[in-house]
Amino acid sequence: MSDTCIVIPIYNHRDAIGRTLARLVVHGLPILVVDDGSDEPTRRVLATLAAQYAGSVTLLRLPVNGGKGAAVMAGMRAARARRYRHAIQIDADGQHDADDVPKFVAAAQAEPDAVILGRPRFDDSVPKARLYGRYLTHVWVWIETLSLDIPDAMCGFRLYPVDAVCELIDTVSMPTRMAFDSEILVRLHW
């Protein structure tokens, strides 16, 4: 049994999740898809994909949309219940390169207690407002941690040590929406 799983929080990305799963199952890691209260068409797509990839994909459903943070926390707790040591978080919309999964696994083997972060690559088409907004978040994270240790706190492609994350989320109130991605890194850094 692998000590690493993949956690995919999803909310209404029914058109992309099939391609995302197809690119991930080839790595042979168990996948926990956390449906964050998606609409009925997405729920049907997810049920079909869970049946198609039975044995590789476990579908967890949250009854109402709680936000990305809520879905990730549910996924982390499910990973802990299944005794995984590490969980790779990846977005459902296919924006991340699934071919990098082995790099995350290797990095976790080299540093088992570390959080391993992806880093986005933007081309000239990215809206400037998005870049500036990201930069402001990065500056705030650097101030909060008094370091430059976290180069990008917003990338949704990362690997967590499950026990450390669950210990934190079980004892500290965490944001349940998009702010979770940055907040969890700051608190783990502390």
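Observations, loosely collected:
- Those residues of the stretch 159-190 which are among the charged types (D, E, K, R), outside any loop (DSSP other than H, G, I, E, B) and modelled with pLDDT under 95, in sequence order: Asp181, Glu183, Arg187
- Among the residues of the stretch 54-78, those identified as in contact with an Asp or Glu (Cβ under 9 Å, 6 or more places away or on another chain) and without any contact (Cβ under 8 Å) to a residue 40 or more places away in the chain are Leu59, Leu60, Arg61, Leu62, Val64.
- When every residue of the stretch 128-139 is checked against the conditions, at least one turns out to be under 18 Å from the mean Cα position of the chain (by Cα), modelled with pLDDT under 90, surrounded by 14 or more Cβ atoms within 10 Å (Cβ to Cβ) and farther than 25 Å from Ala74 by Cβ.
- Qualifying residue in the stretch 93-105 (condition: over 14 Å from the mean Cα position of the chain (by Cα) and not in a helix (DSSP H, G or I)): no
- Some residue of the stretch 67-90 being open to solvent by less than 10 Å² (accessible area, probe 1.4 Å) and assigned to a loop (DSSP other than H, G, I, E, B): yes
- Out of Thr58, Thr48, Thr20, sole residue that is over 21 Å from Tyr160 (Cα atoms) and either in contact with a helix residue (DSSP H, G or I) (Cβ under 9 Å, 6 or more places away or on another chain) or not in a loop (DSSP other than H, G, I, E, B) (or both): Thr48
The values are calculated or read from the model by the stated rules, or taken from the named source; none is laboratory data. Computed from a prediction, not measured in an experiment: that's the story for all the values here. A quick note on method: Cβ atoms are made from the backbone with ideal geometry, for glycine too, and the neighbour counts reach across all protein chains shown. Note: accessible area is taken over every heavy atom of the protein model, side chains too, but ligands, DNA and RNA are not part of it. Shrake-Rupley method; radii C 1.70, N 1.55, O 1.52, S 1.80 Å.
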